[in-house]
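Okay, structure first, notes after.
What follows draws every value from the coordinates through simple rules; no lab data is involved. This one's a predicted model, so the numbers in the text were calculated from it and none came from an experiment. A quick note on method: Cβ atoms are made from the backbone with ideal geometry, for glycine too, and the neighbour counts reach across all protein chains shown.
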Amino acid sequence: MITKVSFAKSGLSDYCSKRIKQMRPHVSNVVVVHDPAVPQYLLKQVLRGVAASGRDFKLLKAARGENNKTIERAAQLSNKFLKAKVDRRSLVLAVGGGITSDVAGFAAAITLRGIRWACLPTTLLSMVDASIGGKTGVNADGAKNMIGAFHSPQFVHADFRWLKSLPAREFRSGLGELQKTALLAGGKLWRECLNAQPHQFLKPTPVLRELVQLAAKYKAKVVASDPKEQNTRQVLNLGHTFGHPIEAGSAAKISHGEAVSFGIHCAIAHSLELGLCDQTLADNNLMLSSNMGLMPATKVKLPTAAKLRHGLAHDKKSKGGDLTLILIEKAGRPLVCEGYSVAKVAKIIIDNR
Ligand SMILES: NC(=O)c1ccc[n+]([C@@H]2O[C@H](COP(=O)([O-])OP(=O)(O)OC[C@H]3O[C@@H](n4cnc5c(N)ncnc54)[C@H](O)[C@@H]3O)[C@@H](O)[C@H]2O)c1
Ligand SMILES: [Zn+2]
């Protein structure tokens, strides 16, 4: 299982060509699925690399936005793969953020019972999180990632320079997942996040690159220890049970990372209330959110109570109707706490908004 992200040192074209040629069994043809917002220069380099590998290829546009992360879009894409004459030796190359890789990876998983795919993540969120770990899927019934498959990519390759064109809002969204990973990992990543200055989070700075690489490494390690999320991988859900219904109910106004960051705030507030962690953790987390330019909890617009409960009740990780929360004792020491009712979790969200 491939979980590591390689960060660019050499040219993208050469990298793509080399990796495709190295794959066994040999790749028959390639379908490149790209987010239309990805800069042209980047796409050209990818296509040059694929052409240099000597394989036929087809270029497809991915549909943008969370509301296109649907089973219908995945099925459409899968049909387009078939029209492009994919076979069991084909490769789907997803070039874009987490939405492109979730949908294209899932379409690859369901086409011909699974064709290979690889990922070039072009958003901060995807470099830190979405491209790592082999989870692919789409939203359904008003809730996130309800239909999906574990389908590990053949390779994941990122270049920090691709983030230069990323809009500020999307940049912040990635920072929300970085905040989560830093809290989970503790140690050097947490310390260096706390030491970083606000301007170092605003664009692809060398300090941020170092933090992203540490975060990607941490996630890869957790995923490798529990690829199918039977136990230890659950901690990566910190902030998500609280955050998903906020994101899903916001009609795309609140990004994934902003919602996760709000969810982390709720998890820490509840941990504090239970006496699990101390005020210093809450204060440091608040400082980090502010340094990262993330939305303060008081500004987060909650969906109606009914939508909130609907979203929580549809949490795909619920067990017999009960929710599992990831709480935290200190940075580097998360706790898995089962048996929360939807009403209780909704109350924690409302009380801490
Ligand atoms: N599979 C997983 O393990 C996993 C983990 C975390 C998040 N996710 C999912 O990832 C999704 C969010 O991912 P995302 O934040 O990357 O969103 P995204 O794919 O929608 O990308 C964000 C925006 O940036 C644009 N964009 C992408 N690359 C660009 C570039 N280089 N320059 C300019 N614009 C660019 C896109 O068009 C889009 O508008 C959510 O659906 C979330 O559920 C999945
Ligand atoms: Zn996430």
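Once a ≥ b ≥ c are taken as the square roots of the eigenvalues of the Cα gyration tensor of region 9-168, is the result rounded (a/c under 1.5), prolate (a/b larger than b/c) or oblate (a/b not larger than b/c)?
Oblate.
For a protection proxy built on the mean count of beta-carbon atoms within 10 angstrom, sort 78-87, 127-136 highest first, please.
Put in order of decreasing packing, that is 127-136, 78-87.
In the chain, what % of DSSP beta bridges are antiparallel (nearest 5)?
35 percent
Please give the per residue volume of the convex hull enclosing the alpha carbon atoms of the chain, rounded to a whole number of Å³.
Convex hull of Cα atoms, per residue: 118 Å³.
Which shape class applies to region 66-121: rounded if a/c is under 1.5, otherwise prolate when a/b exceeds b/c and oblate if not, where a ≥ b ≥ c are the square roots of the Cα gyration tensor eigenvalues?
Taking the square roots of the gyration eigenvalues as a ≥ b ≥ c, region 66-121 is oblate.
For region 84-98, take each phi angle, set θ = phi - 60°, evaluate the Karplus expression 6.51 cos²θ - 1.76 cosθ + 1.60, and give the result in whole Hz per residue in order, putting x for glycine and proline.
7, 6, 6, 9, 5, 10, 7, 10, 9, 10, 8, 10, x, x, x
Just check region 210-353 against the gyration tensor rule for me: Cα atoms, a ≥ b ≥ c as the square roots of the eigenvalues, rounded for a/c under 1.5, and otherwise prolate or oblate depending on whether a/b exceeds b/c.
Here region 210-353 falls in the rounded category.
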